[in-house]
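The values are calculated or read from the model by the stated rules, or taken from the named source; none is laboratory data. What you are looking at is a predicted structure, and each value in this text was computed from that prediction instead of being measured. FYI the Cβ positions are ideal-geometry reconstructions off the backbone, even for glycines, and counts take in every protein chain you see.
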Amino acid sequence: MIQVENLMKRYAGGEAVRGITFSVEKGEVVGFLGPNGAGKSTTMRMLTGYLPPTDGRIEVAGAKLPKESLLVRQRIGYMPENVPLYPEMRVEEFLEYRGRLKRVSRGEITHRVGLVLDQCGLTDVRGKIIGSLSKGFRQRVGLADALVHNPMLLILDEPTAGLDPHQIRSFRELIKELGKDRTILLSTHILSEVEMVCRRAIIINKGKIEASDTLANLEKRVQAGALQIEVKADPAVAKEKLTKIAEVSLVTELNRAGDWVSYEVTAAPGKDIRGEVDGLIKREQWPLREFRREKARLEDVFVELTQD
Ligand SMILES: Nc1ncnc2c1ncn2[C@@H]1O[C@H](COP(=O)(O)OP(=O)(O)OP(=O)(O)O)[C@@H](O)[C@H]1O
Ligand SMILES: [Mg+2]
């Protein structure tokens, strides 16, 4: 659905995108992540035919860019970072106008507009002047605009920026729903959002791709979370024996409660020490009342991959 090869963008001030290559298959919902200034919006504007690349090859929804940019704009739904709206138009009127521009037939337009008004929670404000809407509602109008011609591919640049927590939640549900039969590429700073709606993430930093993988694999890259255990044992002996396990890098005592002592046991990167720790506890016959592993989070991966 999206194929990008060696894509580059140079602005007067320097290179914003430095030769990136990636693809998005039909039906995927992919998160596009990166810190401020990483090049997300620049990349998305090139993918949607609104910004010519300095160099590289782009194919989107079966059309080549920049040559067939009109075709691409008709086939995809794009919600830019700053949604351009006509402030003097009414919501419904604007969506009809946009739908017609994107070649929705006269016979279908009323149905399509009604549907996206409903999907985006805009039915109650359909008659309002866009300029009088709050930021969150204008954001929804931008999404409805991206959806009105029922595109197979959605490219959404920080679609939840400016939404309140209720709106963010219902927005996520909408993305999940839309992702069932569409391809979606969305950028965001909210990592939990990616964890909830995307199966794969592309992480970009300073114009280069740092990682592109499923969330499960990305999470494996960082230290496989520490293990927390609580046992009834002589604290000094337990600490020494835990430390002796070959793949354990650090044992920290967390707390003592009566005869119980708890530890955080950290593994060497990428190692799973659950089996060894469990074996030790059984051999020593230590009574055990807690054994859990903190899951590595996408946030940890993001910080590790994008720090200097
Ligand atoms: N029109 C422009 N002219 C010159 N430089 C630009 C222009 N647009 C973006 N840049 C620069 O290109 C780099 C990438 O910007 P871009 O907007 O793509 O980042 P981003 O990843 O979308 O960041 P954010 O998370 O803040 O939205 C930045 O250094 C930015 O200053
Ligand atoms: Mg941006």
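So here's what we get for this one:
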{"quantity": "Criterion: over 30 Å from Glu276 (Cα atoms) and either under 14 Å from the mean Cα position of the chain (by Cα) or crowded, with 16+ Cβ neighbours inside 10 Å (or both) - qualifying residue of Val194, Val231", "calculated": "Val194"}
{"quantity": "Checklist (1) in a loop (DSSP other than H, G, I, E, B); (2) more than 24 Å from Thr160 (Cβ to Cβ) applied to Gly56, failing item", "calculated": "(1)"}
{"quantity": "Residue that is nearest to ligand 1 (Cβ to nearest atom) [pool: residues in region 8-50 that are among the aromatic types (Phe, Trp, Tyr) and more than 15 Å from the chain's Cα centre (by Cα)]", "calculated": "Tyr11"}
{"quantity": "Criterion (under 22 Å from Glu81 (Cβ atoms), away from ligand 2 (no atom under 16 Å from the Cβ) and among the β-branched types (Val, Ile, Thr)) met by exactly one of Thr188, Thr183, Thr243, Thr252", "calculated": "Thr183"}
{"quantity": "Test: residue in region 77-84 that is touching a residue at least 12 places away in the same chain (Cβ under 8 Å), part of a strand (DSSP E or B), touching a strand residue (DSSP E or B) at 6+ places or on another chain (Cβ under 8 Å) and more than 16 Å from ligand 2 (Cβ to nearest atom)", "calculated": "yes"}
{"quantity": "Options Gly162, Gly136: the member that is in contact with a helix residue (DSSP H, G or I) (Cβ under 6 Å, 6 or more places away or on another chain) and part of a loop (DSSP other than H, G, I, E, B)", "calculated": "Gly162"}
{"quantity": "Among the candidates Gly27, Gly56, Gly39, residue that is under 20 Å from Lys208 (Cα atoms) and more than 16 Å from ligand 2 (Cβ to nearest atom)", "calculated": "Gly56"}
{"quantity": "Failed item in (1) surrounded by fewer than 23 Cβ atoms within 10 Å (Cβ to Cβ); (2) within 24 Å of Phe302 (Cβ to Cβ), with Gly34 passing the rest", "calculated": "(1)"}
{"quantity": "Whichever residue in region 143-176 is of a type in the set (D, E, K, R), at pLDDT 90 or above and farther than 22 Å from Glu59 by Cβ and, among such residues, is farthest from ligand 2 (Cβ to nearest atom)", "calculated": "Asp145"}
